[in-house]
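Read through the structure below, which is laid out as structure tokens, and then see the notes.
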There are 2 protein chains.
Amino acid sequence: MKILILGGDGFCGWPTALHLSKKGHDVTIVDNMSHRQIDVQLEVSSLTPIATMSERLSAWKKVSNKKISYIDLDIAKEYDRLLSMLKNDKPEAIIHFAEQRAAPYSMKSSKTKRYTVDNNVNATHNLLCAIVEADLDAHVVHLGTMGVYGYGWSGSAPIPEGYISVKVETPEGELSREILHPANPGSVYHMTKTLDQLMFAFYAKNDEVRVTDLHQGIVWGTQTPETILDERLINRFDYDGDYGTVLNRFLMQAAVGYPLTVHGSGGQTRAFIHIKDTVRCIEIAINNPPKRGDKPHIFNQMTEVHKVIDLAKLIGKLTGAKIDHLENPRKEADKNDLVVENRQFLALGLQPTTLSKGLMTEVEDVAKKYISRVDKTKIPSTSLWRVK
Amino acid sequence: MKILILGGDGFCGWPTALHLSKKGHDVTIVDNMSHRQIDVQLEVSSLTPIATMSERLSAWKKVSNKKISYIDLDIAKEYDRLLSMLKNDKPEAIIHFAEQRAAPYSMKSSKTKRYTVDNNVNATHNLLCAIVEADLDAHVVHLGTMGVYGYGWSGSAPIPEGYISVKVETPEGELSREILHPANPGSVYHMTKTLDQLMFAFYAKNDEVRVTDLHQGIVWGTQTPETILDERLINRFDYDGDYGTVLNRFLMQAAVGYPLTVHGSGGQTRAFIHIKDTVRCIEIAINNPPKRGDKPHIFNQMTEVHKVIDLAKLIGKLTGAKIDHLENPRKEADKNDLVVENRQFLALGLQPTTLSKGLMTEVEDVAKKYISRVDKTKIPSTSLWRVK
């Protein structure tokens, strides 16, 4: 299948590109290197030594004898080039990772809030608009977030996959309706994914664009069977206070002897998935496209839920790391329960990588291996949700 | 009260500025003249001869002895100037009309779709972001649209004001929840107002920005008690296929002897409000602000519902105009029923201007008076919702 991967240099995009290339698909990466540029701005770098795109692609060619193409293009800004590309390449699937994806970065300042909204909304809208203008029947697979739902909206009922059945009172009695789960985003970044949802719904209704939206949990892990084949293929590992996700930050902190930074009590329950499962989920989504005229298909892309404090304790037990409770910079409930439905991916064959199995591998093979690259001053999270 | 009116040169913005100035408020208009520039692009002009902003403001000074200030600023693009303005002027209320507001224009081409999304989303988000950065406790009054709801979602139950009560099943039994009414926009323009709603909800929650969102019906009429005081104060009257709204188009068509252009059967039921009531509603909203920490207040700003065909018949009866059924360029139900709640404005003292009373005044005093300015080639609606 001819596949475009927008944001194919990123943490999820790069291993997805390799996985789909290995499976025999004709993959083209589109990326404007925005995350590498934000790294420069924030004066941080991936714990793992990521190679340049040219090095990555030539290493992949050598290792697999497969070619991945690369186009340097900003889909939020270069509409005409995006349109030409779609008209010329006629991809059958377009995987859309091309959004600013860190909640703390999106709350850092007016500049980063505005960049996140402007970039993410225009990226998604340009893509939908160009697909319609190019008269292309491509399947859009978009990376959403579990954060569109908020937590605990319907008590102890599991968070459903995108749509929820509700009843409304009318003069003729109660009616049942299936609606998009009400949005309750916790940051400007998460908010942009709730805006994406409404744009997908409109373009699916008006223009029959085929969309699958994947509401992903927090990703952990670094390597996939493909990225591990050559060091030049290694995936990025963010440990800084903006882009580092909680579990990967703990792994690195344990390796480097830094106390595990738990925000508040750590009673926040979150959904998780290993990066190896992310790439498999994307493949499953591509192989199960919506029909024209369907409303967007929505899957919850996660495999387990854990309380943050339990993860910290688990890693503390495995490694001897201490736990440090810091004031929570986010505006969120100090604790919550969480049950999430993920039947669709399981039914389509996903076999989850469980957290208990992979944790020590990550500590030993990734965090400890690159320990000399850690800049400890970049560990604290400094973005505040509200100015005090 | 110190009031900023963003988009204060427009069809709703200008009469609002005059009304609030007359009521003794200290009014500043902010506008980038985007609608006048789109007029140039579309080669159309207002049926009424609208004066320049300088002429408008000096006429108002002469007539009322009151000063309205004007700042030429694009809030979607000039964030730093917007921020400085808020910091310096410290307005207590900010009325936000600064969005591209024609559904047909928003569906005309990729360029106009993209402009509508980029302009409207960034205008609203820049405003919210700047209020937070300026640490300003201003009340934002935003012009939304009845079009966020779609039509007939809950059978014959009236469309509630913004929020709807639903029940969800949980393991502990049924829970009641009040949610934002599910969005079902019918055009890219209407979609942007559904995106606005989610941004308001987030900034009200995270930063306690005080927001009132007014979901307005289709506005008809031209003059208000203020715009009629001097011809240089006259309000704009759009009759072209993009910006003209259905009732004003019929009035002009009747005056000029053009058949009334009904799209499809005309069975579409829509909500209406006279421009005189629009300005009163804005005043009522300003005088009844939310408290800090409230979720956005949402009012339905409309006074009557009518089927399009019934309006055409009424005007046909009054004027002798013929009716012409054209193919509907929009993707919408050919007919629908509509019941809308508007109790909040009525409870706060709004006394509706009924359609039956004002219609012939509009035909005689506005449409017939400026008949020589009509360009009949601009009457047909040419934007298609779907490329055939």
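The values are calculated or read from the model by the stated rules, or taken from the named source; none is laboratory data. Owing to the predicted nature of the structure, the values given are computational and were not obtained by experimental measurement. Cβ: placed from backbone, ideal geometry, glycine included. Neighbour counts: every protein chain shown.
At-a-glance table
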quantity	calculated
Residue in the range A:136-144 that is at negative phi and at the interface with chain B (Cβ under 7 Å from one of its Cβ atoms) present	no
Residue count for the range A:26-52, restricted to those that are under 21 Å from residue A:369 (Cβ atoms) and among the hydroxyl-bearing types (Ser, Thr, Tyr)	4
Only listed residue being more than 15 Å from the chain's Cα centre (by Cα), crowded, with 24+ Cβ neighbours inside 10 Å and of a type in the set (Asp, Glu), chosen from A:196, A:230, A:213, A:240	A:240
Number of the exception - residue B:130 against (1) within 12 Å of another protein chain (Cβ to nearest Cβ); (2) within 25 Å of residue B:281 (Cα to Cα); (3) out of contact with any Lys or Arg (no Cβ under 8 Å at 6 or more places or on another chain); (4) not charged (D, E, K, R)	(2)
Residue in the range A:98-107 that is in contact (Cβ under 8 Å) with a residue 12 or more places away in the chain, farther than 17 Å from residue A:35 by Cα and in contact with a helix residue (DSSP H, G or I) (Cβ under 7 Å, 6 or more places away or on another chain) present	no
Condition check for residue B:93: within 14 Å of chain A (Cβ to nearest Cβ), modelled with pLDDT of 95 or more and surrounded by 17 or more Cβ atoms within 10 Å (Cβ to Cβ)	no
Lone qualifier among B:139, B:125 - being under 19 Å from residue A:194 (Cα atoms) and not small (Gly, Ala, Ser)	B:125
Residues being within 7 Å of another protein chain (Cβ to nearest Cβ) and either within 25 Å of the chain's Cα centre (by Cα) or of a type in the set (Val, Ile, Thr) (or both) - total across the range A:154-187	11
Selection count, the range A:328-363, where residues are under 21 Å from residue A:190 (Cβ atoms) and exposed (fewer than 12 other Cβ atoms within 10 Å of the Cβ)	1
Members of the range B:342-362 found to be modelled with pLDDT of 95 or more and more than 14 Å from residue B:277 (Cβ to Cβ), listed by number	B:343, B:347
The listed residue being touching a Leu at 6+ places or on another chain (Cβ under 8 Å), at pLDDT below 95 and either surrounded by 23 or more Cβ atoms within 10 Å (Cβ to Cβ) or closer than 26 Å to residue A:197 by Cβ (or both), out of B:163, B:151, B:203	B:151
Tally of residues being among the hydroxyl-bearing types (Ser, Thr, Tyr) and exposed (fewer than 13 other Cβ atoms within 10 Å of the Cβ) across the range B:364-388	3
Tally of residues being hydroxyl-bearing (Ser, Thr, Tyr) and at pLDDT below 85 across the range A:363-388	0
Matching option when the condition is in contact with an Asp or Glu (Cβ under 9 Å, 6 or more places away or on another chain) and either in contact (Cβ under 8 Å) with a residue 24 or more places away in the chain or over 29 Å from residue A:333 (Cβ atoms) (or both), among B:162, B:147	B:162
Exclusive hit being surrounded by fewer than 20 Cβ atoms within 10 Å (Cβ to Cβ), among the polar types (S, T, N, Q) and at negative phi, set A:69, A:106	A:69
Odd one out for residue B:135, checked against (1) in contact with a Lys or Arg (Cβ under 7 Å, 6 or more places away or on another chain); (2) among the acidic types (Asp, Glu); (3) in a loop (DSSP other than H, G, I, E, B)	(1)
Residue in the range A:122-130 that is part of a loop (DSSP other than H, G, I, E, B), aliphatic (A, V, I, L, M) and in contact (Cβ under 8 Å) with a residue 40 or more places away in the chain present	no
Subset of the range B:17-28 (residues that are under 19 Å from the mean Cα position of the chain (by Cα) and over 19 Å from residue B:86 (Cβ atoms))	B:18, B:19
Residue B:289 being under 22 Å from residue B:163 (Cβ atoms), within 14 Å of another protein chain (Cβ to nearest Cβ) and buried (at least 18 other Cβ atoms within 10 Å of the Cβ)	no
Per-region count, the range A:112-127, residues at the interface with chain B (Cβ under 9 Å from one of its Cβ atoms) and either at pLDDT below 95 or surrounded by fewer than 23 Cβ atoms within 10 Å (Cβ to Cβ) (or both)	3
